[in-house]
Structures are given as C-alpha cells and as structure tokens.
C-alpha cells in the first residue's frame, strides 16, 4: 500500500497537469460560480454570458474566469478584450489548456498561424495522449487559409 501511495505521489509530481475538463484546468485559485455563464456559452449566448462574467472580473482572480471572459469577448467580436483576458489567464496559469486553445484560435482568426502553432506545440507537450483542446486547435489550424 505504501508503494502504491509513493508511486501515485511521484506520478503527480512528475505530471503536474491535473485532470482537465474542456476549456478549464483544475486550478488552485478560488473559483467563482461559473456554471450559469457556462450554460449561456453552451447555448451560444455569449453576450448573456459576458453579462454574468463582467461583475466577477474585478473581484476574482481566476484563470478559468479570465479564459471564459476572453472566449466570450472573442465570440462577440471584441478581439482586443479577448487578448487582455487570455493574457491574464495565462499569466496565472501558463499551462491552462482552455486558454491555450482559445488564444490559439484567436491567433488563427487574426492570421498569426506561427503563434497558433506555438500554442499547439505547448498543448502537445501538456497532452501527450491527446486532449480536446489539442484536437480543437489542430482542427482550427487545419481549416485556416494557407498563406
């Protein structure tokens, strides 16, 4: 039993990326309740989701919150604010899978394929067995116009 516990501990230390959900990474930062905003995002009501997220942005420091805000800003056409919130999320958690994907998609949308590929390379390192974020960014890059 001790050997199993030791192996699990070593495994967690060697692989610091915790189990992740689509667009979110388990985080040590206090998380506000993002479920209502996620429901609006799932329904493609990005403006409605932003209305829920905006009040949280000044009183919470959380990469999931910043990532979702960046996503909603991007989807509502405010690329400038999307850049700001993706940067804030990555400043807190440089390995945030969702942000690496979404920022990479914004790079694709703005013709910055080299930077999108950098995010993809980082996701390949973080997800050696694959993950949804890696697959989604690969698909976005594959669909990008060739320049």
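The values are calculated or read from the model by the stated rules, or taken from the named source; none is laboratory data. On a predicted model such as this, the values are computed, not experimentally measured, just so you know. Methodologically, a virtual Cβ is constructed for each residue, glycine included, from the backbone with ideal geometry; neighbour enumeration extends over all protein chains shown.
Side notes on the structure shown:
- Assessment of the stretch 37-53 against the conditions (buried (at least 24 other Cβ atoms within 10 Å of the Cβ) and touching a strand residue (DSSP E or B) at 6+ places or on another chain (Cβ under 8 Å)) yields no matching residue.
- Residue in the stretch 120-131 that is touching a strand residue (DSSP E or B) at 6+ places or on another chain (Cβ under 8 Å) and over 20 Å from residue 70 (Cα atoms) present: yes
- Long-range neighbours under 7 Å by Cβ, at least six apart or interchain, first residue touching a residue at least 12 places away in the same chain (Cβ under 8 Å) within the stretch 79-101, second in a helix (DSSP H, G or I) and surrounded by fewer than 21 Cβ atoms within 10 Å (Cβ to Cβ): 95/126; 96/90; 97/126; 99/90; 100/122; 101/136
- Any hit, the stretch 133-142, residues being over 15 Å from residue 86 (Cα atoms) and either at pLDDT below 95 or outside any helix (DSSP H, G or I) (or both): no
- Within the set 52, 90, the sole residue that is in contact with a helix residue (DSSP H, G or I) (Cβ under 8 Å, 6 or more places away or on another chain) and closer than 27 Å to residue 115 by Cα turns out to be 90.
- Meets criteria (surrounded by fewer than 22 Cβ atoms within 10 Å (Cβ to Cβ) and touching a residue at least 60 places away in the same chain (Cβ under 8 Å)) for residue 109: no
- Tabulated pairs, the stretch 119-147, first in contact (Cβ under 8 Å) with a residue 24 or more places away in the chain, second assigned to a loop (DSSP other than H, G, I, E, B) and crowded, with 17+ Cβ neighbours inside 10 Å, C-beta under 8 angstrom, 6+ apart or interchain: 122/95; 123/131; 126/95; 133/23; 133/127; 134/127
- Selection count where residues are closer than 18 Å to residue 90 by Cα and touching a helix residue (DSSP H, G or I) at 6+ places or on another chain (Cβ under 6 Å), scope the stretch 123-147: 5
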